[in-house]
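Report on the following structure.
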Amino acid sequence: MRKALVLVVVIGLVITVPWSVGAQAPDHVKVRLDWLIRGNHAPFFVAQEKGYFRNEGIVVDRIDKGNGSVNTMTLVGSGQYEFGFGDLPTLATARAKGVPVTSLVVVNQQSPLAMIALKGTGLRAPKDLEGKVVGIQPSGSTYIFYLAFLKANKIDRSKITEATIPVPYENFLLTRKVQVIPGYIDAEIPELEAKAGGPGSLEIVLGAKYGYNGYGSGMLTSDRMIKEHPDLVRRFTRAYVRGFQDVTRNIREAADILAKYNPEVAEKKDVMMEQLAADMQFTFFSTDTKAHGLGWQSLPRWKYTIDILRDQGVITAALRPDDVFTNAFLR
């Protein structure tokens, strides 16, 4: 009898000890990015590398590259991915069309979009676009920026020669088939500089300095996730923001981690660092982040962003600014 009792106790310990230390089955999630790997994707990979997701009881099964923010919104909104990263004006546009996505963290507090030309083109201010050949893709975030930038600076569009070009369209600039393109200071510009002769080889007119002050990109999820799994959303956001904080403290380490998880950019670590350096200088921080911490979102800034889209006719349906974001998981 004693032998049987010992056996039962031992079996009981083997079965119950893991639960007694809170070993609950982890939550598995997938993440969808907006495009190929660039610097501002680093918080996901830093949080993964340093175990921040694991410490929150989360297993990130995949961080998939994307093919545009529009598709990212659709895939996250439909539940094929639990979390995503993309252009926030595009998120507002998708929301107005019934895609149930919500912004959780603003990564680019200032828009990183700019008008870009090769050195010697004569692009020093918005008015210099007149008389130039501008390469555009009439859809997506860069086109919305382009139209809003023209309106904000009272530029006569009829004085610009517009050439419709496919993405990626950097080579059209490098081969001088067009004179100017819209692009991101934390994406295309470091890539272009690396091919055009290094720092100083481009002329850049930053939208945020000339009347275009909407939000850039951020981390997002679906309304269903917020409603049905709020604790998971909170834990994921907490781990992500820890990764984001580490990125701002050490961009070299962030570039190394990006290269470790994405071998295709291993030879471009310097470009990744330049992208992050641009974000550190222009987009990661604001008066809101100074007051509330990284990633914070404000109602007035969201209203401004939506108003830009409405002015351009991109959003025609009713859309309240507080429908597209929440700070609840940052607190």
Given charges at beta-carbon only (K, R positive; D, E negative), |dipole| of the chain in Debye: 460
How far is the Cα center of the stretch 231-266 from the Cα center of the stretch 269-316, in Å? 18
Whole-Hz ³J(HN,Hα) from phi, Karplus 6.51 cos²θ - 1.76 cosθ + 1.60, for the stretch 207-221, glycine and proline x: x, 4, 8, 10, x, 10, 10, x, 5, x, 9, x, 9, 9, 8
List the lysines whose alpha-carbon lies under 22 Å from that of Lys269, not counting same-chain residues fewer than 8 positions away? Lys50, Lys65, Lys195, Lys260
As I understand it, the dipole of the chain uses +1 on the Cβ of Lys and Arg and -1 on the Cβ of Asp and Glu, about the Cα centre. Which of Ile306, Ile251, Gly183 lies farthest toward its positive end? Ile306
Can you spot the lysines whose alpha carbon is less than 26 Å from Lys127's alpha carbon? Ignore those fewer than 8 places along the same chain. Lys119, Lys151, Lys154, Lys159, Lys177, Lys209
Take Met280, Met272 and order them by how many other Cβ atoms sit within 10 Å, fewest up front. Met280, Met272
What percent does the relative contact order of the chain come to when contacts are Cα pairs within less than 8 Å and at least six residues apart? 27
Percent RCO, i.e. relative contact order, over the stretch 113-209, from Cα pairs under 8 Å lying at least 6 residues apart: 49
Straight-line reach from Lys303: which aspartates and glutamates have a Cα under 19 Å away, not including same-chain ones fewer than 8 places off? Asp87, Asp288, Asp311, Asp322, Asp323
Unit charges on C-beta of K, R, D, E only; dipole of the stretch 113-209, Debye: 360
Sequence-distant or interchain residues sharing an amide H contact under 5 Å with Leu104, placed H: which? Met219, Leu220, Thr221
Per DSSP H run of n ≥ 4, the term is -39500 (n - 2.57); total these for the chain, divide by its residue number, and report the mean residue ellipticity at 222 nm rounded to 500 deg cm²/dmol. -13000 deg cm²/dmol
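Each reported figure results from applying straightforward, stated rules to the coordinates on display, with no laboratory input. Given the structure is predicted, the values throughout are model-derived calculations rather than measurements. Glycine gets a Cβ as well: all are built from the backbone with ideal geometry, and neighbour counts include every protein chain shown.
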